[in-house]
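One structure is given below, encoded as structure tokens.
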Amino acid sequence: YRLDEDDTGPRNYLLVVNAATREKDWNWFMEEKKKFPDLMIEDKTSEIGMIALQGPATKGVSEKILRLPDPWKNRLRISCLDGTWGMVSRTGYTGEPIGIELFIPREKLVFIWEMILSEGAPRGIIPVGLGARDSLRLEAGLVLHGHELGLDTGGKEIPIYAMLPAARLTVSLSPLKGEFIGRKALRAQFEEVNARENGHPLPPKEERIVPKSVVPFLIIAEGIARQGYEVFANGELAGHVTSGTMVPHWVFSEVGILGKPTDKRKMRAIGLAYLDADLEKGQKIEIRYRGKALEGIIMEMNLSTEAPPFAHPRLIVETPPSPLPSPSEGERVNAAVQSCNPGFQARNGTLAPDGGGGPLKRPEKKSLKDLAGQLMLKAIQNTQWRQKETFNLIPSEQTPSLLVKLFSIMDPSGRYAEHRKFKAFEDKEVFYYQGTRLIEEVETLLIEELQAFLGCSEVETRVISGQMANMAVFSGLMDHLNRMYRKSDPRRIRKVMNHPLSRGGHLSAQPIGALRDFVAVDPFMERRAVIEFPVLEEDPYQIDLERTKELLDLHKPELIVVGKSMMIYREPLKELAQMISGMHPRPIVLYDMAHVLGLAGPDFQEPFKEGADIVTSSTHKTFFGSQRGIITSNMSEGTEYEDLWEAILLRVFPGDVSNHHLGTLLGLLMAAYEMNAFKSEYQKQVLSNARSFARALKDRGLAVEGDPSLGFTETHQVIVRVGYGKGPMMARRLEENNIILNYQSAPDDEGFTAASCLRMGVQEMTRFGMKEEDFDELADDISQVILHDRSLAGEVSQFRKRFTEMKYCLPIDEAAPLIRRLLEALG
């Protein structure tokens with residue numbers, strides 16, 4: 001473990017060695033230390049003890065005792081334990097997705113051990129030994145010295161790169177590491193394995209450095225494979241078992257995010273084997289010992305850890321589904337739902353907005369008319385349910401007005417209108433298709449409306465999503481950075497600072513999203529060069545500005561991305577602009593306003609006045625639009641970033657867009673007219689409703705996230721904590737009661753599957769006319785469902801029927817003649 005982050009001073013590490021080889025390791029280090037005069041090594045074995053706490057109950061127990069590190073693997077924290085120091089790490093030698101290891105001074109070891117057992121006993125925490133550890137590490141495919149590490153049956157050393165994918169994740173050959181012991185051998189192993197993985201020629205088998213790989217296997221028939229058993233594939237000796245045993249696994253109540261371990265368990269025989277590297281997953285194998293043969297299969301993995309808080313066994317034969325709920329439970333939910341939704345039924349206690357006829361599927365021997373009729377019925381039933389029976393509180397959704405919908409399906413919806421500016425024609429747009437005069441007019445008017453709405457000079461409207469908008473900016477910035485180096489491989493954006501996904505950051509601004517292909521790999525961190533905004537200890541939804549300044553000075557990013565999908569506060573644009581004002585070159589500040597575009601203005605934030613260089617957004621969350629995207633800036637001709645804006649436009653077209661969905665473009669213009677007409681009134685009501693809703697939920701005993709002094713929220717969103725891992729279950733329960741929202745992982749959760757929170761937005765129901773007192777009433781229903789498990793589907797449906805007329809658009813009597821004319825034109 002590296003214990004410090006300061007690259008300028010001495011580096012301190014804690015090395016945890018195999019207890020059985022401690023003396024041998026120490027002697028080796030002492031011999032090698034002679035080559036490194038500045039190296040200091042101390043043996044702390046007798047001074048420090050280690051406790052590993054692993055499994056889904058880890059979090060609840062450890063939070064009672066200490067402050068945990070960030071919820072991602074391999075994060076560290078130096079914590080105070082009963083008045084003394086202790087190191088807490090998100091690591092563990094098991095397959096559990098949640099676990100910590102504690103390093104504690106020996107004099108406190110027994111005290112902490114007893115405290116853990118005392119807190120953990122009600123949760124099922126028990127002490128276990130090496131036998132349990134061995135079965136757990138084997139499920140996860142973790143290697144052990146003397147088995148997968150060390151010597152094979154022929155006395156040859158097993159190469160590190162035989163342990164894929166572990167070696168791929170752990171071995172560093174960065175040039176910044178310089179020369180180190182084993183580098184040459186590891187480089188040779190890497191190059192051979194890399195050649196094999198990419199189908200390149202390899203030396204003869206007997207000359208290969210990594211001829212075999214350590215792979216997980218599963219025994220199909222009865223029996224246990226033990227270390228040293230021979231393994232055959234296709235009738236030929238392929239290698240030997242390195243570890244094998246029989247392990248238990250829990251049977252889950254159902255497949256999916258709501259599945260929980262039951263009190264039932266099953267056994268399976270698994271293991272690791274050192275086999276010919278050419279064998280692939282799915283290969284049948286035969287394990288032989290003393291004339292007996294066991295049938296097995298090479299697995300990709302025997303355990304999946306991607307859905308915390310539970311580890312899930314990977315099985316060849318799926319676990320049978322759980323039994324249906326008792327009739328009384330199903331009848332209870334059916335009665336509640338059907339009391340308000342005659343055309344709907346609840347199956348297995350879950351609302352089914354499908355008329356009770358099951359999922360859509362193509363029936364045999366039915367005419368096109370029958371198929372159309374079936375689809376029409378399902379669509380009508382779903383629309384009625386979503387628009388008139390349920391409260392939609394999903395923060396990323398908005399029902400557009402009927403006019404916006406109808407404009408979106410007019411003739412342009414099936415047309416093309418590619419175009420770009422030519423300097424030769426004095427920057428006049430040249431369209432590549434005829435019949436596009438309307439589109440040219442619509443784009444011009446839409447740009448003018450958005451310029452007025454955001455207070456900016458430049459608007460690009462052809463991107464069809466917020467994600468595409470961000471991708472065009474990243475790509476354009478990369479082109480801009482390489483404008484002087486056209487003949488060499490283009491370099492990527494050196495460093496980016498943003499909000500991580502786990503703290504509500506937009507997916508498109510993550511290394512796993514649109515940013516991936518445009519940000520460099522940092523040679524020191526050996527991962528995508530993305531720096532996370534630090535957050536306040538007391539409020540992880542807010543940026544820690546003091547630490548942010550330190551990171552900006554240290555890393556000097558070329559791009560800063562603000563804006564979140566879990567967003568309850570304004571972004572500190574003014575403060576960031578001040579911090580970077582003296583930096584050369586100054587980072588570009590991109591504000592992704594996807595969730596809060598419709599709130600932009602003096603009552604929330606005016607991004608360009610506060611320091612944003614570029615604003616991207618989708619157009620259908622708090623904004624009134626059809627589902628599209630926009631890119632905006634003040635990078636007009638003659639400004640410092642004129643060339644950057646031109647590069648971004650070229651990445652939009654011809655880079656990313658051909659047909660830019662012309663129908664929804666018409667709809668967006670109508671939406672922009674509505675937004676500019678009702679901007680101030682709508683925004684004030686949304687912000688007031690959100691604060692009122694948050695206070696009402698808090699008053700009824702729910703744990704509302706955010707700063708009470710700010711009314712818990714400064715946006716349209718309200719976040720409620722409902723218990724670790726209970727978010728999916730509570731979201732489903734509310735859906736059964738006609739309240740639609742989404743579960744959300746808290747900043748201290750390990751992932752969405754362990755979500756502790758519910759995320760709600762007031763924007764759509766505000767548009768249907770709800771005011772502060774109405775959200776107070778809705779808060780009461782929500783608290784009854786969450787805290788008391790009451791069934792209120794009928795009452796909630798009747799409540800929603802009071803809010804079916806859309807506001808902040810043309811009144812229906814004024815819109816009706818326009819709607820009739822549009823429908824006549826479509827007919």
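The values are calculated or read from the model by the stated rules, or taken from the named source; none is laboratory data. Predicted model, so just to flag it, every value in this text is computed and none were measured. Neighbour counts run over all protein chains shown; Cβ positions are idealised from the backbone, glycine included. Please note that ligands, DNA and RNA were not included when accessible areas were found on the heavy atoms of the full protein model with its side chains. Shrake-Rupley method; radii C 1.70, N 1.55, O 1.52, S 1.80 Å.
Things worth noting here:
- Accessible area (Å², 1.4 Å probe, nearest 10) - Ser502: 20
- For the range 428-434, Karplus couplings with θ = phi - 60° (6.51, -1.76, 1.60), whole Hz, Gly/Pro x: 7, 5, 10, 8, 8, 10, 8
- Less than 5 angstrom separates the built amide H of Ile588 from those of Leu559, Ile560, all sequence-distant by 5 or more or on a different chain.
- Sequence of Lys621, Lys177 from largest to smallest accessible area, 1.4 Å probe: Lys177, Lys621
- Across the range 787-793, coupling constants 3J(HN,Hα) worked out from phi with the 6.51/-1.76/1.60 Karplus curve, θ = phi - 60°, read 7, 10, 6, 7, 9, 10, 4 Hz, and Gly and Pro carry x.
- In plain terms, the C-alpha convex hull of the range 732-812 casts an average shadow of 6.5 nm² when viewed from every direction.
- Derived scalar couplings ³J(HN,Hα) [the range 466-483; Karplus, 6.51 cos²θ - 1.76 cosθ + 1.60; whole Hz; x for Gly, Pro]: x, 5, 5, 4, 5, 4, 5, 5, 4, 5, x, 5, 5, 4, 5, 5, 9, 5
- Spatially proximal lysines relative to Lys549 (Cα-Cα < 18 Å; intrachain offsets below 8 disregarded): Lys495, Lys574
- Two-decimal log10 I(q)/I(0) for the range 737-783, as the Debye equation yields it once each C-alpha is a single scatterer, q = 0.15, 0.20, 0.26 Å⁻¹: -0.50, -0.76, -0.97
- Taking every protein chain into account, the accessible area of the chain amounts to 50 square angstrom per residue (probe 1.4 Å).
- On a per residue basis, the convex hull of the C-alpha atoms belonging to the range 169-283 measures out at 198 Å³.
- Among the chymotrypsin sites (Phe, Trp or Tyr not before Pro) found in the range 65-97, those both in a DSSP coil and sparsely packed, with 13 or fewer other Cβ atoms within 10 Å of their Cβ, are Trp72.
- Of the three principal axes defined by the Cα atoms of the range 1-42, the extents in descending order read 34, 22, 11 Å.
- Annotation: amide H of Ile464 within the under-5 Å range of Gly629, sequence separation 5 or more or interchain, hydrogens built in the peptide plane.
- Entry note, the chain: relative contact order of 11 percent, from Cα contacts under 8 Å with a spacing of 6+ residues.
- Residues whose amide H falls under 5 Å from that of Ile531, counting only those 5 or more places apart or on a different chain, are Val496, Met497, Asn498, with hydrogens built in the peptide plane.
- The base-10 log of I(q)/I(0) for the range 376-502, evaluated at q = 0.09 Å⁻¹, reads -0.48 [Debye formula, identical scatterers on Cα atoms, solvent excluded].
- Cross-link pairs Lys59/Lys388; Lys679/Lys726; Lys405/Lys428; Lys205/Lys266; Lys564/Lys726 - those with Cα-Cα distance over 29 Å: Lys59/Lys388; Lys679/Lys726; Lys405/Lys428; Lys205/Lys266
- Nearest-ten-degree value, helix 662-699 long axis tilted from longest Cα axis of the chain: 70
- Oblate is the label for the range 441-568, because the ratio a/c of its alpha-carbon gyration tensor axes (a ≥ b ≥ c) is 1.5 or higher and a/b is not greater than b/c.
- For His145, the accessible area of its heavy atoms, probed at 1.4 Å with every protein chain present, is near 90 square angstrom.
- The range 496-519 versus the range 634-659: alpha-carbon centroid distance in Å: 22
- What the Cα convex hull of the range 177-242 gives, in volume per residue, is 161 Å³.
- P(r) tail fraction, the range 126-191 - alpha-carbon pairs more than 14 Å apart, %: 67
- With Cα atoms, 0 to 90° folded angle of helix 183-197 axis to the chain main axis: 60
- If only the Cβ of Lys and Arg carry +1 and only the Cβ of Asp and Glu carry -1, the dipole of the range 110-234 around its Cα centre is close to 320 debye.
- Rounded to 10°, Cα long-axis angle of helix 545-555 versus longest principal axis of the chain: 70
- Accessible surface of the chain [probe 1.4 Å, protein heavy atoms]: carbon and sulfur percent: 53
- Shape box of the range 680-721 [Cα atoms, principal axes, largest first, Å]: 32, 16, 15
- Between Ala185 and Val251, the C-beta separation translates, for a Förster distance of 41 Å, into a calculated FRET efficiency of about 0.35.
- Rg of the Cα atoms in the range 580-717, relative to 2.2 N^0.38 Å, amounts to 1.27.
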